[in-house]
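Some notes on the structure that comes next.
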Amino acid sequence: MSNTAKEVATLGAGCFWCVEAVFKELRGVESVVSGYSGGETASPTYEQVCTGTTGHAEVVQVTFDPSVVSFAEILEVFFSVHDPTTLNRQGADVGTQYRSAVFYHSPEQKETAERLIAGLDAAGALGAPVVTEVTPFREFYPAEDYHQDYFKNNPSQGYCRVVVAPKVSKFRKKFAAKLAAAGAQPRDDVNRALGVGQGHAPGHGQNVEVKYSGPDGVMIDVSQTGWVGTSPLVRE
């Protein structure tokens, strides 16, 4: 990392296990912490947040070097690895705690997020309006220790195999040029999570690639993952 002042992004994109695993591998990112933000309950537990009554979203707090990766590029990844058009839902994860959200830390972050969203909507790039919440950051509560580095520590866990691993695999392919030079989880860990020889995880359709060339020169991959499961997956 350079001596440039670090910047922080707080983002909600569904299950924080998925989002943490992706941003951990992005060049210019110094740290990623899973946690809760946007609610009223102080120091909530995971169990409390899962009830949907605390107002919090599952988020990741990303500390990054803006001389290496810009906030616009952070959002490029953010919009590419989740569906920002589904209100309070990502795949089979349903509830306000899974809402799409940008909790901005500065007027510049707010302006960048709103400009990117306006561009996506104007282009009709997603086939539906973006419902990502853009609100000022207030408080961040780190999640319990066992949630940190969850995919790295539990690649064979059911949810990781079916949901997290395909997202990480897709991210590595789409953003190969932006992966951190060191510290990335070995590819065979994802292969192990997916199952040797599998082209995609069970319960997921093939990706249909659609790309939107947004402001700030970012190329947002807005592929749809084609969730076809009928029963919610239990995350334990």
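The values are calculated or read from the model by the stated rules, or taken from the named source; none is laboratory data. Being a predicted model, the structure only gives us computed values, none of them experimental. Virtual Cβ from ideal backbone geometry, glycine too; neighbours counted across all protein chains shown. All accessible areas refer to the heavy atoms of the entire protein, side chains included, with ligands and DNA or RNA removed. Shrake-Rupley method; radii C 1.70, N 1.55, O 1.52, S 1.80 Å.
Some observations on this one:
- Index of the failed condition, GLU47 passing every other in (1) open to solvent by 10 Å² or more (accessible area, probe 1.4 Å); (2) in a loop (DSSP other than H, G, I, E, B): (2)
- Contacts under 8 angstrom Cβ, first residue in the range 128-149 being over 17 Å from THR10 (Cα atoms) and open to solvent by less than 40 Å² (accessible area, probe 1.4 Å), partner assigned to a helix (DSSP H, G or I) and among the β-branched types (Val, Ile, Thr), 6 or more apart: VAL130/ILE117
- Of residues in the range 50-82 being among the aliphatic types (A, V, I, L, M) and assigned to a loop (DSSP other than H, G, I, E, B), the one farthest from HIS105 (Cα to Cα): VAL81
- Scanning the range 1-42 for residues that are under 17 Å from PRO155 (Cβ atoms), out of contact with any Asp or Glu (no Cβ under 6 Å at 6 or more places or on another chain) and in a loop (DSSP other than H, G, I, E, B) returns LYS24, GLU25.
- Contacts under 6 angstrom Cβ, first residue in the range 5-25 being under 23 Å from ARG89 (Cα atoms) and in contact (Cβ under 8 Å) with a residue 12 or more places away in the chain, partner among the hydroxyl-bearing types (Ser, Thr, Tyr) and assigned to a helix (DSSP H, G or I), 6 or more apart: GLY14/TYR98; TRP17/TYR150
- Cβ pairs under 6 Å, 6+ apart, first in the range 29-58 and of a type in the set (Ser, Thr, Tyr), second open to solvent by less than 50 Å² (accessible area, probe 1.4 Å) and in a helix (DSSP H, G or I): SER34/PHE16; SER34/GLU20; SER34/HIS147; TYR36/VAL49
- Summed over the range 150-173, residues that are small (Gly, Ala, Ser) and buried (at least 17 other Cβ atoms within 10 Å of the Cβ) total 2.
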